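Below is one structure, written out as structure tokens; comments come after it.
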Amino acid sequence: MSNLLRIIPNENSLKQASPFKEQLSNNLQDVSQPRALRSLAQIIDGGLCHRCGSCVGICPTGVLTTDDRSYPTIKNLAACTDCDLCVKVCPGDEFDFKFHHQQKFGEQGDLTSTHGQFIHSLIAHSNDPYLREHSTSGGLVTEILLAALEKGKIDGAVVIVSDEKEIWKGKPIIARTRDEILKSLKSKYAIAPTNSAFAEIKAVEGKYALVGLPCQIHGFLKAAELDTKLKERVVFTIGIFCHAAVELEGYNIIWNSLGEDKNRAKKFISRVGKHPGTPHLEFEDGSLSPVYYPNKKGFRPSSMEIINILYRLYSPERCLTCFDALAQFADISIGDPWMSPPEDQVDFHDGWSFALVRQPALLEFVNELVAENRITSLSVTKKEALKCNKMMSTEKVWRSFRVIETRRRQGKSVPKYSDYEIKMPNLGFKQFLKTEINMFTHIFCFLPFKVRAVVLRFFLGNGGYSLLWLNSKRRKFRQWSQDKIAMIKRKVFGRM
């Protein structure tokens, strides 16, 4: 590791000076500087920062803030008391899987599990037509938050809304009204420091819900162990499924490719249409324009097809060593239903959410909303649930172990889960081959941003458009065949 306190973990990323580098000594052994900030700088320098915002939110004296890439940076060095909370709360450096699993579920769990522990699985959608239409999938997250707010179960919810200046960017807020919650509709795929909202939760008494990615839920659990106010005030957590976040550089290239349209846009909609939809810009007159290939007619690449490219170009360094795809430590985990419909009348293009309920209180609340006709819910069997999002979650688990093993061999920093020396589990030949292929598709994540930019610009042009068209045919055939086979099995053997 370099002896420079760099805010940018990849030296090929950007050539800008680091606020840490500017404000602290270049010598990591300089004991005149706060030990905690030197340790935090080592975490960032080692490529272990999730940019979840936990260190910013936990700081009792407001020393830290985030920069324009969501990395922690120093706002007020003189206020640092060297309490070390910023390091202790960091889920990127260390997350004791066995300890936190024992605390939450009463057993140590299995680090290689794709879905984690859950007590019920279901698909559901809001019965509010507006929510169902304007949400990413079925509007289940928003319906739960609105109902909890109306019933007085919470006074606010930590959510991500669009940044006012850069509308494609996400910004964490504590939503305290219906209108503020509605502003968080639609997924935001770029990195956002959600847990920086801890500071407001600690400062303002009340009951809160936290909606976060898996790493942000990990950060909350660590923070709750250190701060009783957070533990008492956050009454439930909603985890969002996550393959990886996306570096802001990728979205900057896409945004700058839009020409004059980006200056006229008042809203960036990450997905118009259901499962999987496609992003659009919305203008003052209410008209829409596709973000990808706006001048093309006919075939329109979906959001997920472009996101799959972005993952393979701009997955952050720490995301590649994260095992948790389906938010295993949330009270309820929610995402798209990447599965075959469990019954004939279910059409995922109408808008449905898939959920894994992990805590009894959330199951009781979901059942309450069903009884009140606020949501429509259909239980899925455990076998069906384990098939849902299986490809993505399996890729993430084995990719994380593969990258950790490689980084350790190279002498680089690796995250500590239950033990520092986590070993790559033995894989069968088929899973080994799949993992190696998946690793190969992520090769650009290890190359300089300049190289990645060339590849992304290719995919935003005619050559990339043709490849995406071919890939969409393959994906549609695969999904059609899977659905047909599942339907035949259901007719013959019933649901399993």
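The values are calculated or read from the model by the stated rules, or taken from the named source; none is laboratory data. Computed from a predicted structure; not experimentally measured. As a convention, Cβ positions derive from the backbone with ideal geometry for all residues, glycine included, and neighbour counts pool all protein chains shown. Side chains are part of the model used for accessible areas, which takes the heavy atoms of the whole protein and leaves out ligands, DNA and RNA. Shrake-Rupley method; radii C 1.70, N 1.55, O 1.52, S 1.80 Å.
Using a 4.7 Å Cβ-Cβ cutoff, the cysteines of the chain lacking any partner cysteine are 49, 52, 59, 80, 83, 90, 215, 242, 319, 322, 388, 445. Which residue, 215, 230, 242, has the largest displacement toward the positive end of the dipole of the range 199-248 when charges sit on each Cβ (Lys, Arg +1; Asp, Glu -1)? Of the options given, the answer is 230.
Within the chain, DSSP assigns beta bridges of which about 70% are antiparallel (rounded to the nearest 5).
Taking amide H as placed 1.01 Å from N in the peptide plane, residue 416 has its amide H under 5 Å from the amide H of 94, 95, each at least 5 places away in sequence or on another chain. Taking the DSSP beta bridges with both ends in the range 176-335, the antiparallel portion is around 45 percent.
Share of pairwise Cα-Cα distances greater than 12 Å in the range 83-129 is 73 percent (whole percent).
Across the range 216-230, computed HN-Hα scalar couplings (Karplus, 6.51 cos²θ - 1.76 cosθ + 1.60, θ = phi - 60°) run 6, 5, 4, x, 4, 4, 5, 5, 5, 5, 9, 9, 5, 4, 4 Hz from first to last residue, x flagging Gly and Pro. Using a probe of 1.4 angstrom and keeping all protein chains present, the accessible surface of the chain works out to 44 square angstrom per residue. Take the Kirkwood radius over Cα pairs of the range 239-394, plug it into Stokes-Einstein at 37 °C and 0.692 mPa s, and you get 183 µm²/s for translational diffusion. In the chain, one over the average inverse separation of all distinct C-alpha pairs is 23.4 Å, which is the Kirkwood hydrodynamic radius.
The 3J(HN,Hα) values that the Karplus relation (6.51, -1.76, 1.60; θ = phi - 60°) gives for the range 457-465 are, in residue order, 5, 4, 5, 8, x, 5, x, x, 4 Hz. Gly and Pro appear as x.
Based on every Cα atom in the range 33-72, Rg and the maximum pairwise Cα distance Dmax equal 9.8, 26 Å.
All C-alpha pair distances within the range 331-489, sorted into 10 Å bins from zero, spread as 8, 23, 29, 26, 13, 1 percent across the bins. Over all alpha-carbon pairs in the range 412-496, figure out the percentage whose distance exceeds 20 Å. When all Cα pairs of the range 412-496 are counted, 68 percent exceed 20 Å. Split the accessible area of the chain by element, probe 1.4 Å, and carbon with sulfur accounts for 54%. Take the chain and mark each of the chymotrypsin sites (Phe, Trp or Tyr not before Pro) that is in a DSSP loop with at most 13 other Cβ atoms within 10 Å; the longest unmarked stretch, sites excluded, is 1-298.
Dividing the summed -39500 (n - 2.57) terms of all DSSP H runs of n ≥ 4 by the residue count of the chain sets its mean residue ellipticity at 222 nm at -12000 deg cm²/dmol. Under a model in which nothing but the beta-carbon of Lys, Arg (+1) and Asp, Glu (-1) is charged, the range 219-326 shows a dipole of about 260 debye around its Cα centre.
Given +1 at the Cβ of Lys and Arg, -1 at the Cβ of Asp and Glu and no other charges, the dipole of the range 271-369 around its Cα centre is 580 debye to the nearest 20.
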